Amino acid sequence: MSLTDPVADFLTRVRNAINARHQKVDVPLSKLKLEMARILKDEGYIANFKTTEEEGRKVLRVYLKYGSDNSSPISQLKRVSRPGCRVYVGHSEIPRVLGGLGISILTTPKGVMTGRQARKEKLGGEVLCEIY
């Protein structure tokens, strides 16, 4: 099975796991997804992540985070740039997600980073997704 949009698959698996109140979710490993997981952890949206191997396949295991009232810090995961319609922005056009309450994840020439970091470093790039 080949995925045409691994990023959308990653977001969908995390979204479904949150809706089902799972503690963790496994996704096929890639460098991009690893970087996205790192950002989600740094920004406090997930508890943790680690790489592991299952049946000979490398897997990224994402540990989800819930508050004391069993609510997730993630209410929305939205894919912005899709394979059929890529969305590129300059550093001055990076969207503010929910007035700065959410984050956007971009791929820039200097790697994967949040919209806030990219704006600070004056880097544009492809807007992968928005999370809030």
Residue in segment 55-68 that is among the aliphatic types (A, V, I, L, M), modelled with pLDDT of 95 or more and assigned to a loop (DSSP other than H, G, I, E, B) present: no
Residue match in segment 45-63 (condition: within 19 Å of Tyr132 (Cβ to Cβ), exposed (fewer than 14 other Cβ atoms within 10 Å of the Cβ) and without any contact (Cβ under 8 Å) to a residue 40 or more places away in the chain): no
Single match in Gly124, Gly90, Gly84 (criterion: out of contact with any Gly (no Cβ under 9 Å at 6 or more places or on another chain) and surrounded by fewer than 20 Cβ atoms within 10 Å (Cβ to Cβ)): Gly84
Glu35, sole failed condition from (1) under 25 Å from Leu3 (Cβ atoms); (2) among the acidic types (Asp, Glu); (3) over 16 Å from the mean Cα position of the chain (by Cα): (3)
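So is Ile94 in contact (Cβ under 8 Å) with a residue 24 or more places away in the chain and within 14 Å of Met36 (Cα to Cα) or not?
no
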Enumeration of residues in segment 85-101 that are under 18 Å from Val7 (Cα atoms) and not basic (Lys, Arg): Cys85, Val87, Tyr88
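The values are calculated or read from the model by the stated rules, or taken from the named source; none is laboratory data. A quick note: this is a predicted structure, and the numbers were derived from the prediction, not measured. When we count neighbours, we look across all protein chains shown, and the Cβ atoms used for this are built from the backbone with ideal geometry, even at glycine.
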